[in-house]
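Enquirer: First the structure, then my questions, so here it is.
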Amino acid sequence: MELKGIKFRLPTNVVTRQDISRLVVEVDELDEFFIQMKLGKISKDNLPLTSRALNELIQLNGVNLLNQAHRSKLKLLLQTIRTKAPSVHISFSGEPSRIFLDKLITWMRANIHPLLILEIGLQPNIGVGFTLRTDNKIFDFSLKQHLQQNIEMLTQSIRNGVNV
C-alpha cells in the first residue's frame with residue numbers, strides 16, 4: 001500500500017483493529033470539522049486535537065491532514081488495512097505492558113508483515129507463557145502445555161524423589 005509513492009507504515013502504538021478503527025473515526029471527525037468550517041459554522045480556531053497515534057501515523061507517512069485528498073486516501077488505506085491486513089491473535093495470562101507490545105509488534109512487522117495486526121486476549125488459565133493463533137494454526141507456548149507434554153517425566157521424577 002502506498003501513499004504518494006511512499007510505502008505506508010503503521011506506528012508501533014497502532015496494534016489492534018480497534019486502534020485502526022479509532023484512527024478512521026478521528027479522520028472522519030477532521031473531515032466533518034473542515035466541512036463545518038467551510039460552511040462557516042465553526043471557526044478555524046476550534047481545530048480539534050489529534051491523538052498521539054494519528055500524529056505518529058501522519059509523520060511516519062508524510063500525510064497532510066489539511067489536504068482533503070490526503071485524508072480520503074488515508075481513510076481508505078486504514079479501512080483496507082482494518083479488513084485485509086494479516087492478523088495474529090495472541091493470548092496472555094495478564095495484560096502485557098506497552099513496552100513489551102511495542103517490541104513485539106516491531107519484531108512481527110519487521111519479520112512477518114509490515115502491516116500485521118495483533119489481537120490481544122487474556123486467558124488467566126495459561127499461567128505463564130502465551131498462545132498464538134493465526135488463520136490456520138495454533139501454537140501453545142504456555143507452562144500448562146509444557147507440563148502436560150511432560151507429565152510422565154514429571155510424575156516419574158516425583159515418584160522417584162528426583163529433582164526436576
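The values are calculated or read from the model by the stated rules, or taken from the named source; none is laboratory data. Just so you know, these numbers come straight off a predicted model, no measurement behind them. Positions of Cβ are generated from backbone atoms using ideal geometry, with glycine treated the same way; all protein chains shown enter the neighbour counts.
Enquirer: Consider GLY40 carefully, then state whether it is outside the structural domain of LEU23 (by TED's automatic domain parsing), at pLDDT below 90 and in a loop (DSSP other than H, G, I, E, B).
Expert: Taking the combined requirement at face value, the residue does not satisfy it.
Enquirer: Please work out if ASP45 is over 27 Å from PRO114 (Cα atoms) and at pLDDT 90 or above.
Expert: No.
Enquirer: Please pick out the residue among GLY94, GLY62 that is under 18 Å from the mean Cα position of the chain (by Cα), exposed (fewer than 13 other Cβ atoms within 10 Å of the Cβ) and not hydrophobic (A, V, I, L, M, F, W, C).
Expert: Of GLY94, GLY62, the one residue that is under 18 Å from the mean Cα position of the chain (by Cα), exposed (fewer than 13 other Cβ atoms within 10 Å of the Cβ) and not hydrophobic (A, V, I, L, M, F, W, C) is GLY94.
Enquirer: Still on this model: Does LEU101 meet the test of being under 23 Å from ASN13 (Cβ atoms), in contact with a helix residue (DSSP H, G or I) (Cβ under 6 Å, 6 or more places away or on another chain), surrounded by 14 or more Cβ atoms within 10 Å (Cβ to Cβ) and of a type in the set (A, V, I, L, M, F, W, C)?
Expert: Taking the combined requirement at face value, the residue does not satisfy it.
Enquirer: Residue by residue through the stretch 47-71, note down the ones that are touching a residue at least 12 places away in the same chain (Cβ under 8 Å) and more than 23 Å from LYS7 (Cβ to Cβ).
Expert: The answer is LEU47, PRO48.
This table checks each residue for (1) among the aromatic types (Phe, Trp, Tyr); (2) crowded, with 16+ Cβ neighbours inside 10 Å; (3) in contact with a helix residue (DSSP H, G or I) (Cβ under 7 Å, 6 or more places away or on another chain); (4) within 16 Å of PRO11 (Cα to Cα).
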| residue | (1), (2), (3), (4) |
| --- | --- |
| PRO48 | no, no, yes, no |
| LEU66 | no, no, no, no |
| HIS70 | no, yes, no, no |
| LEU74 | no, yes, yes, yes |
| ILE81 | no, yes, yes, yes |
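Enquirer: With in contact with a strand residue (DSSP E or B) (Cβ under 8 Å, 6 or more places away or on another chain) and either acidic (Asp, Glu) or not in a helix (DSSP H, G or I) (or both) as the only criterion, which of HIS113, HIS89, HIS70 stands out?
Expert: HIS89
Enquirer: Please identify the pairs in which a residue from the stretch 109-120 that is within 17 Å of ASP135 (Cα to Cα) has its Cβ atom under 7 Å from the Cβ atom of a residue that is of a type outside the set (A, V, I, L, M, F, W, C) and assigned to a loop (DSSP other than H, G, I, E, B), counting only partners at least 6 apart or on another chain.
Expert: Short answer, once both residue conditions are applied: HIS113/PRO86; LEU116/PRO86; ILE117/THR16; LEU118/THR16; GLU119/THR16; ILE120/THR16; ILE120/PRO96.
Enquirer: Out of LEU74, LEU57, LEU47, LEU104, which single residue is among the hydrophobic types (A, V, I, L, M, F, W, C), at negative phi, assigned by TED's automatic domain parsing to the domain that holds VAL14 and in contact with a Pro (Cβ under 8 Å, 6 or more places away or on another chain)?
Expert: LEU57
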